[in-house]
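What follows is a set of notes on a single structure, which appears directly below.
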Amino acid sequence: MKNTTLVLQKISNNPDKDTEKTLIIPACNDAMHPKIKQGEFMFMEKVTNKSMIHEGMIYLIITNDYKIVRYIKKHENPDNLILQTESKNYDDVVIQWGQISEMYLYKGKYSQSIN
């Protein structure tokens, strides 16, 4: 499957509010299976305020090195974050908050089966 990202722009009626972005991206592996299956399209909403990030939720985390969809968990070091998969076939990843350039909250998915 081609690596495709669609960006939907939500226009706010409030000129003082930042414009929000929603991404639609395909799941490219089975790391979040069975919650999110490979090939399903995920709806992701941009996180603009770090205080709105909640442990145990699924996020798209973008760094200079990679884009990864994972659950986030607190780390004993408050400067770090644990990224965890749904599948037990993948190891947890520990990154520093400072490595994150953007985050998007998982809002849902779309799956189409062909009969």
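No lab work stands behind these numbers, since they all come straight from the coordinates. As the structure is a computational prediction, the values presented were derived from the model and not from experiment.
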query = How high is the relative contact order of segment 6-110, given as a whole-number percent (alpha carbon pairs under 8 Å, six or more residues apart)?
reply = 26
note = Distance in Å, no decimals, from the C-alpha centre of segment 44-60 to the one of segment 63-87 is 12
task = Can you tell me how much longer the chain between ASN29 and SER111 gets when fully stretched, taken as 0.36 nm per residue apart minus their C-alpha distance, in nm with one decimal?
result = 28.1 nm
